[in-house]
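Heads up, the thing below is written out as structure tokens.
The values are calculated or read from the model by the stated rules, or taken from the named source; none is laboratory data. These numbers were taken from a predicted model, which means no experiment stands behind them. For neighbour counting, all protein chains shown are included, and Cβ atoms are generated from backbone atoms with ideal geometry for every residue, glycine included.
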Amino acid sequence: MESEPQKEFIRQLADEWVSVELPGLDFDYADCIKIIGGLLTATQNQQRTSQIFTAILDQAVELGKSSLWVEREVKFEILAHSIGREELLALELRHAPVMDDRVLDLYNERTRRFSSAT
């Protein structure tokens, strides 16, 4: 269970998310809170959570991605935090059912995510 400062931190990031105009369906605020809370639980570090989430949200805006994409990428980063980004990226490439432009584009998006955010 999050402390009050953690809840406020999560709300601030959720406010950023809902204030950004992304294509597709809007996410329910409670879903945003839950997704960001999961990232904070995984990292156990507000600064790292903020870096990851901001990098994903900035990328979504830059690339015209949806909130569904943001959710998927937060989940990817949670898993990457657990097993390692490079390992997870390599696993996804090795086990992709079809090696097409979509798979390669996603790989490139993920490898570039922190190049300008750090």
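State which residue pairs qualify: first residue crowded, with 20+ Cβ neighbours inside 10 Å and inside the stretch 57-73, second residue small (Gly, Ala, Ser) and modelled with pLDDT of 95 or more in any location, beta carbons under 6 Å apart, and separation of 6 or more residues or different chains. Going by the 6 Å Cβ cut-off, the qualifying pairs are VAL70/ALA60.
Scoring GLN6 on the criteria (1) assigned to a helix (DSSP H, G or I); (2) within 18 Å of PHE114 (Cβ to Cβ) leaves a single failure, condition (2). The selection criterion, being loosely packed, with under 13 Cβ neighbours inside 10 Å, among the hydrophobic types (A, V, I, L, M, F, W, C), without any contact (Cβ under 8 Å) to a residue 24 or more places away in the chain and assigned to a helix (DSSP H, G or I), holds for LEU104.
Scanning the stretch 84-118 for residues that are closer than 19 Å to ILE56 by Cα and of a type in the set (A, V, I, L, M) yields a count of 6.
Does the stretch 38-45 include one or more residues that are under 21 Å from ARG112 (Cβ atoms) and not aromatic (Phe, Trp, Tyr)? Checked against the condition, which is being under 21 Å from ARG112 (Cβ atoms) and not aromatic (Phe, Trp, Tyr), the stretch 38-45 yields at least one hit. In the set (1) touching a Lys or Arg at 6+ places or on another chain (Cβ under 9 Å); (2) of a type outside the set (A, V, I, L, M); (3) loosely packed, with under 14 Cβ neighbours inside 10 Å, the condition left unmet by PHE76 is number (3).
Taken together, the residues in the stretch 16-36 that are outside any loop (DSSP other than H, G, I, E, B) and either touching a residue at least 12 places away in the same chain (Cβ under 8 Å) or surrounded by 12 or more Cβ atoms within 10 Å (Cβ to Cβ) (or both) amount to 10. Against the condition in a helix (DSSP H, G or I) and farther than 18 Å from GLU16 by Cβ, how does GLU109 come out, does it pass? Yes, satisfied.
For every residue, the table says whether it meets (1) modelled with pLDDT of 95 or more; (2) aliphatic (A, V, I, L, M); (3) assigned to a helix (DSSP H, G or I); (4) in contact with a Lys or Arg (Cβ under 7 Å, 6 or more places away or on another chain).
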{"residue": "GLY38", "(1), (2), (3), (4)": "yes, no, yes, no"}
{"residue": "ARG48", "(1), (2), (3), (4)": "yes, no, yes, no"}
{"residue": "ASP58", "(1), (2), (3), (4)": "yes, no, yes, no"}
{"residue": "HIS81", "(1), (2), (3), (4)": "no, no, yes, no"}
{"residue": "VAL98", "(1), (2), (3), (4)": "no, yes, no, no"}
{"residue": "ALA117", "(1), (2), (3), (4)": "no, yes, no, no"}
